[in-house]
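Read through the structure below, which is laid out as structure tokens, and then see the notes.
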Amino acid sequence: MVIALAQLMVVLDATIVNIALPSAQEDLGMSDGNRQWVITAYTLAFGGLLLLGGRVADLVGRKRTFVIGLIGFAAASALGGAAQSSGMLFGARALQGVFAAVLAPSALSLLTTTFTDPKERGKAFGIYGALAGSGSAIGFIVGGLLTEYLDWRWCLYVNVPIAVLAVFGALSLLHDRPGHAGARLDVPGVLLGCGGLVAIVYGFSEAEPRGWADPLVLGLLTGGAVLLAAFVWWQTRAPVPLLPLHIIKDRNRAGCFLTMGLAVIGMFGLFLFMTYYLQVILEYSPVMTGLAFLPMTVAIIIGSTQVSARLMNRVAPRMLMVPGMILAAGGMLILTQMTVHSSYATEILPALILMGFGMGLTFMPVFSTATAGVAPQDAGVTSATVNTSQQVGGSIGTALLNTIATTSSTAYVAAHLRNPAQRAEIVNEGVVHGYTVAIWWAVGIMLLAGLIAGLMVTAKPPQHEETTTPVPEPVI
């Protein structure tokens, strides 16, 4: 529960400020062009520094970095809640991302090294997977309640009591071996890997306002790809690599990383569209919008803790991941039929439940399989790679699908707006049309994730594995 609290705090903070953003923008006088940095500053720092955070956890000790991450995250949250200017809020959100990059891999690697019994491991990863999958939806609910009944600042202040509780729990309950005191950080690897990830995440975040053909966007994406290629080359020669390549050369882990990244692309895109659809088109309040996501959250928890956790030791991971992605794609397929006048109960609700159950089936075996059989000194960096695929996938999904939706909406309005008196109605129809076009793309991405899981993740159930191949230790 201590580890789960920390993970919940990190994941829901990626979305909790979404519903509060209009209030914060008005209060601090942010421009429409700059308001995106409340979200982007967090995802940039988080996604770009996760690999470094994972290696620091391995070198310094996971319990120590876990506690440092909790304290730093709480302090940054308090700073953001007290922000008196937009720049102060942007800086606090970036600082949250930095400490989240330390906290998230420490949490997952502590889970990996603490629960080694297959039955207990299944329960632990079931709870962890449920929170990782539903944390974003919980963020919408909590954000709506806090914004409507208290103040937008409480969307940041709420992290402080959670972190304090987790710190006391960590100091009294968690145990970990000390880090490798004599080891060194791979500084060139840090600069190349983190720089490449930051450039790519930043490029995708700028694609929505600027367009994909903008020189800055193309330069960032190209530069990021070049830096990552250089990072891979350097990892084959570094004496103490930031990301030992045997981790991603393993077929099962590579399949899990790709499946996670693709699944989250569709998931984050859905959150974005459904939030605006419910508030702008159906005119729901912030609280009603948050509660509308509750069935999806419940479905994720049931799929993860009651189905995946019980079946993980009996069936191969892909027998959960593939059906999970097909169910999630089926839920999105229903949403491609939504209109300006769709009913929540008969059209939106079934789709959210299907998607939530599918994601719940998928997340737990992804986390468990990706971190299984890893040498203790590589647990942190492996955990960081799982989280990186999740965070970068979310950033890419938001930018990619939002750009598709905006372009489709503009084209629809231009083609159908003939009578100025009907402008408001046509604009709403165009917005919903853009959402459905983007969701069609998300359906394809979800099915691709299922195909990759089916072809690449060939691991057997843990109880059927007679031997475990040792992972080579890095040369220090």
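For a Förster distance of 25 Å, can you work out the FRET efficiency between the beta-carbons of Thr339 and Leu294, rounded to the nearest 0.05?
FRET efficiency, Thr339 to Leu294: 0.60.
Calculate, axis by axis, the spread of Cα positions in the chain along the three principal axes, and write the results as whole Å, longest axis first.
Principal extents (Cα only, largest first): 72, 48, 43 Å.
Give the accessible surface of the range 232-282 per residue, rounded to a whole number of Å², with probe radius 1.4 Å and ligands, DNA and RNA excluded.
The answer is 35 Å² per residue.
For the range 190-308, taking Cα atoms only, what is the radius of gyration to one decimal and the Dmax to the nearest whole Å?
For the range 190-308, the Cα-based Rg and Dmax read 19.4, 58 Å.
Cα-Cα pairs above 21 Å in the range 258-330: how many percent? List each step's numbers first, then the result.
Details: 1010 of 2628 pairs.
Beyond 21 Å sits 38 percent of the P(r) for the range 258-330.
How big is the C-alpha Rg of the range 301-446 next to the rule-of-thumb value 2.2 N^0.38 Å, as a ratio?
That ratio works out to 1.33.
Please list the equivalent ellipsoid semi-axes of the range 192-238, computed as the square roots of five times the alpha-carbon gyration tensor eigenvalues, in descending order and whole angstrom. Display every interim value, and only then the final one.
On the way: eigenvalues 116, 15, 5 Å².
For the range 192-238, the semi-axes come out at 24, 9, 5 Å.
Could you work out the Rg to Rh ratio of the range 288-355, with Rh taken as the Kirkwood radius (inverse of the mean 1/r over all Cα pairs)?
Ratio of gyration radius to Kirkwood radius for the range 288-355: 1.06.
For the range 22-121, which whole-number percentage of the solvent-accessible area (1.4 Å probe, protein heavy atoms only) is attributable to carbon and sulfur atoms?
Summing carbon and sulfur atoms, their accessible area is 62 percent of the total for the range 22-121.
Express in whole angstrom the spacing between the alpha-carbon centres of the range 319-338 and the range 273-308.
Between the Cα centres of the range 319-338 and the range 273-308 lies a distance of 16 Å.
Over the alpha-carbon set of the range 234-298, divide Rg by the Kirkwood Rh and report the Rg/Rh ratio to two decimals.
1.31
Can you pull the accessible area of His246 for me, 1.4 Å probe, Å² to the nearest 10?
For His246, solvent-accessible area is about 50 Å².
Give the angle, between 0 and 90 degrees and rounded to the nearest 10, that separates the Cα long axis of helix 159-173 from the longest principal axis of the Cα atoms of the chain.
20 degrees
If I fit a long axis through the Cα atoms of helix 423-456 and take the longest principal axis of the Cα atoms of the chain, what angle between them do I get, 0 to 90°, rounded to 10?
That helix lies at roughly 20 degrees to the long axis.
Once Rh for the range 319-400 is found with the Kirkwood sum over Cα pairs, what is the Stokes-Einstein diffusion coefficient at 25 °C and 0.890 mPa s, in µm²/s?
The Stokes-Einstein estimate is 167 µm²/s.
Along the principal axes of its C-alpha atoms, what lengths does the range 386-448 span, in descending order and rounded to whole Å?
51, 19, 13
Taking θ as phi - 60°, what are the ³J(HN,Hα) couplings along the range 301-306 by the Karplus curve (6.51, -1.76, 1.60), each to the nearest whole Hz, with x for Gly and Pro?
Whole-Hz 3J(HN,Hα) from phi for the range 301-306: 5, 5, x, 7, 8, 9.
Between the helical axis of 187-210 and the dominant principal axis of the chain, each derived from Cα atoms, what acute angle in degrees is found, rounded to the nearest 10?
It is inclined by approximately 10 degrees.
The values are calculated or read from the model by the stated rules, or taken from the named source; none is laboratory data. These numbers come from a predicted model, not from an experiment. A quick note on method: Cβ atoms are made from the backbone with ideal geometry, for glycine too, and the neighbour counts reach across all protein chains shown. The area values use the complete protein model at the heavy-atom level, side chains included, leaving out ligands, DNA and RNA. Shrake-Rupley method; radii C 1.70, N 1.55, O 1.52, S 1.80 Å.
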